[in-house]
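K.L.:
One structure is given below, represented as C-alpha cells, and several questions about it will come after.
The values are calculated or read from the model by the stated rules, or taken from the named source; none is laboratory data. Keep in mind it's a predicted model, so treat the numbers as computed, not measured. Cβ atoms come from the backbone with ideal geometry, glycine included; neighbour counts cover every protein chain shown. To get the accessible areas, we keep the full protein, side chains included, count just its heavy atoms, and leave off ligands, DNA and RNA. Shrake-Rupley method; radii C 1.70, N 1.55, O 1.52, S 1.80 Å.
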Amino acid sequence: MRPLYASAVVIALIGLTVRVSADEPKKDDKTKESDVVAKLLGSWEVTKADQEALVGMTITFKKEGKFTAAKEGMPDAEGTYKIDENGKLITTEVTPNGEVSDSDTIKKLTSDVMELENKDGKATSLKRKK
C-alpha cells in the first residue's frame with residue numbers, strides 16, 4: 001500500500017511541476033517581445049489606412065511603454081502600449097470618456113515599415129519618420 005501511495009504523491013508532484021513550468025513565460029517569448037518593442041521605438045507616420053482619418057498621423061512609441069499620436073486638426077492623444085503574449089500590439093488611450101483600448105495584429109515590422117490589422121480586419125500602413 002505504501003509504494004502505491006508514494007507513487008501517487010510522486011505523480012502529483014510531477015504534474016504540479018509540469019503545470020508550473022508551463023505557466024512561466026519562456027525566455028524566448030520575452031526576447032521576442034523585447035525585439036518587437038525595440039523595432040517599434042521612434043516616430044511613425046500613417047501612410048495608408050482603411051480609416052482615412054488616420055492618414056498623416058504621427059505616432060511615437062517611447063521606451064517606457066508610452067505613446068503619443070498627433071495630427072494637424074485633431075487633438076493629440078497619449079497612452080500606453082504593450083506587446084501581449086500573442087505578439088499583438090495593445091494600446092490604451094486615456095480620453096475624457098475613460099480609457100479606450102485597442103488590439104492590433106502586427107502583420108509586418110521592419111526598421112522602416114509597419115503594417116497593422118485591427119480586430120475588424122482594417123489595415124494600417126506606417127513608415128518610420130526620419
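K.L.:
For the stretch 46-75, give me each residue that is part of a strand (DSSP E or B), touching a residue at least 40 places away in the same chain (Cβ under 8 Å) and either surrounded by fewer than 16 Cβ atoms within 10 Å (Cβ to Cβ) or small (Gly, Ala, Ser) (or both).
P.N.:
Thr47, Lys48, Ala49
K.L.:
Moving on to the next point. What number of residues in the stretch 34-45 are touching a residue at least 12 places away in the same chain (Cβ under 8 Å) and either open to solvent by less than 50 Å² (accessible area, probe 1.4 Å) or among the hydrophobic types (A, V, I, L, M, F, W, C) (or both)?
P.N.:
7
K.L.:
Inside the stretch 111-124, can you point out the residues that are in contact (Cβ under 8 Å) with a residue 24 or more places away in the chain and open to solvent by less than 30 Å² (accessible area, probe 1.4 Å)?
P.N.:
Matches in the stretch 111-124: Met114, Leu116, Thr124.
K.L.:
Please indicate, with yes or no, whether at least one residue in the stretch 76-94 is open to solvent by 60 Å² or more (accessible area, probe 1.4 Å), assigned to a strand (DSSP E or B) and closer than 17 Å to Lys122 by Cα.
P.N.:
yes
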